[in-house]
Amino acid sequence: MKTLIWLAHVFWATSGTLARRLAGRRRRSDWSLKTELVQSSMHATLRASLTNGHEWFRSFQARGARRPFFANVVEFEESTVGGVPGVWTVPTESKIERTILYLHGGGYVFGTASEYRDLCSRLAVGANARVFAPEYRRAPEAAFPAAQDDCFAAYAALETPAEELVLCGDSAGAGLVMSVLTTARDAGHPLPAGGALLCPWVDPYGGGASMHTNEASDIGPARWIRWCAEMAIPSQSQDDPRVRPTAGDLAGLPPLLVQVGGAEMLHDQGVELAKALESAGVETQLHVEPNAFHVWQLLGGILQEADDAVAQICRFARSCAKADTTGSAAAP
């Protein structure tokens with residue numbers, strides 16, 4: 001029954017998209033038919049999850065995980081770092097010059113390291129990096145600060161020189177990157193060479209005007225974001241700097257790349273975070289992809305904008321985490 005409900009959502013969403021296109025109307029003027037069909041299908045799926053529940057959506061994601069594009073030139077190894085299980089992605093045909101700690105998104109409720117193997121393989125090959133993606137604890141089984149604690153534990157246990165390490169994360173994972181960075185700074189732990197924040201979700205109970213103006217063009221309804229926040233972040237913790245970094249001190253952090261979609265609900269959050277970082281003296285690159293919806297970077301090989309975004313992340317990682325002159329960074 002739940003699958004039928006999802007199919008009905010997707011059918012009506014894609015039918016509506018095709019009808020609008022035939023009538024000469026587009027959701028956004030610069031969107032291709034492929035982009036609009038992808039967006040409408042994703043929006044329908046997230047909307048269906050509100051009815052079917054978080055366990056249904058988890059199983060849906062697991063069934064739909066993409067085969068890694070670079071599966072033939074990387075190796076995947078399940079491992080544990082700092083007591084946190086996860087997956088290493090290691091290139092087999094290029095020299096390893098740096099390490100990326102990738103913190104996946106999913107509203108602190110969804111997503112797994114295994115489901116991110118495609119993106120991690122693209123980062124590993126493009127940045128000449130070994131990539132570790134931890135399977136941090138998720139809500140509602142383990143709410144705040146479980147994910148934050150797990151990600152910092154993995155970061156602190158990585159046997160990688162700080163100057164060869166880059167943190168990356170999308171959506172809630174970008175919020176986890178900020179939590180790790182500020183926690184490491186406050187603890188006097190060496191900071192990494194840089195960090196990439198993809199569509200950062202850094203104000204779970206807030207949002208800005210784009211939460212309303214971009215709802216129709218994003219991958220899910222605004223109430224989906226609220227649903228995740230209520231499962232993961234107790235309302236009394238919503239202003240904790242580990243989930244809303246702008247509520248704390250941002251000074252002293254390493255260079256950061258912030259990628260934001262112009263069609264996503266979290267557009268304003270990402271832009272405001274970049275402004276706050278710059279005001280705190282943090283070297284910040286802000287890239288706004290005008291017509292991109294939330295976490296478009298996950299659609300490498302499907303959307304050209306995703307390929308371009310991943311290439312930018314790889315360039316950033318290579319520029320801030322310089323290669324060891326001996327090229328001796330060890331794989332796990």
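Considering 249, 268, 324, the condition of being farther than 16 Å from residue 196 by Cα and at pLDDT below 95 is satisfied by 324 alone. Applying the set (1) surrounded by fewer than 17 Cβ atoms within 10 Å (Cβ to Cβ); (2) of a type in the set (S, T, N, Q); (3) modelled with pLDDT of 95 or more to residue 297 leaves exactly one unmet item: (1). Out of curiosity, is residue 243 in contact (Cβ under 8 Å) with a residue 12 or more places away in the chain, of a type in the set (Val, Ile, Thr), out of contact with any Leu (no Cβ under 6 Å at 6 or more places or on another chain) and not in a loop (DSSP other than H, G, I, E, B)? No: the conditions fail for residue 243.
Do the conditions hold for residue 129, that is, is it touching a Lys or Arg at 6+ places or on another chain (Cβ under 6 Å), touching a residue at least 60 places away in the same chain (Cβ under 8 Å) and among the small types (Gly, Ala, Ser)? It is true that residue 129 is touching a Lys or Arg at 6+ places or on another chain (Cβ under 6 Å), touching a residue at least 60 places away in the same chain (Cβ under 8 Å) and among the small types (Gly, Ala, Ser).
When the range 247-268 is filtered for residues that are touching a Cys at 6+ places or on another chain (Cβ under 7 Å) and open to solvent by less than 30 Å² (accessible area, probe 1.4 Å), the ones remaining, listed by number, are 259, 260, 261, 264, 266.
Taking the conditions exactly as written (in a helix (DSSP H, G or I), crowded, with 20+ Cβ neighbours inside 10 Å, free of Cβ contacts under 8 Å to residues at least 40 places away in the same chain and of a type outside the set (D, E, K, R)), does residue 274 satisfy them or not?
Considered against the rule, which asks whether it is in a helix (DSSP H, G or I), crowded, with 20+ Cβ neighbours inside 10 Å, free of Cβ contacts under 8 Å to residues at least 40 places away in the same chain and of a type outside the set (D, E, K, R), residue 274 comes out as yes.
Of the residues making up the range 41-70, those that are among the hydrophobic types (A, V, I, L, M, F, W, C) and in contact with a His (Cβ under 7 Å, 6 or more places away or on another chain) are 44, 48. For the residues 253, 257, 277, the requirement of being under 18 Å from the mean Cα position of the chain (by Cα) and either of a type in the set (Lys, Arg) or closer than 24 Å to residue 166 by Cα (or both) singles out 257.
If I filter the range 303-319 for residues that are part of a loop (DSSP other than H, G, I, E, B) and closer than 25 Å to residue 58 by Cα, do I get at least one hit? For the range 303-319, residues part of a loop (DSSP other than H, G, I, E, B) and closer than 25 Å to residue 58 by Cα: present. For beta carbons closer than 7 Å, sequence separation of 6+ or different chains, a first residue in the range 187-214 that is closer than 27 Å to residue 252 by Cβ and a second that is among the aromatic types (Phe, Trp, Tyr), the qualifying pairs are 194/316; 196/316.
The helices (runs of 4 or more DSSP H) found entirely in the range 1-106 that carry 2 or more residues being modelled with pLDDT of 95 or more and surrounded by fewer than 19 Cβ atoms within 10 Å (Cβ to Cβ) are 54-63. With respect to (1) in contact with a helix residue (DSSP H, G or I) (Cβ under 9 Å, 6 or more places away or on another chain); (2) farther than 22 Å from residue 45 by Cα, the lone exception for residue 274 is condition (1).
The values are calculated or read from the model by the stated rules, or taken from the named source; none is laboratory data. As the structure is a prediction and not an experimental result, all values here were calculated from the model. Methodologically, a virtual Cβ is constructed for each residue, glycine included, from the backbone with ideal geometry; neighbour enumeration extends over all protein chains shown. Areas reflect the complete protein model, heavy atoms only, side chains present, ligands, DNA and RNA absent. Shrake-Rupley method; radii C 1.70, N 1.55, O 1.52, S 1.80 Å.
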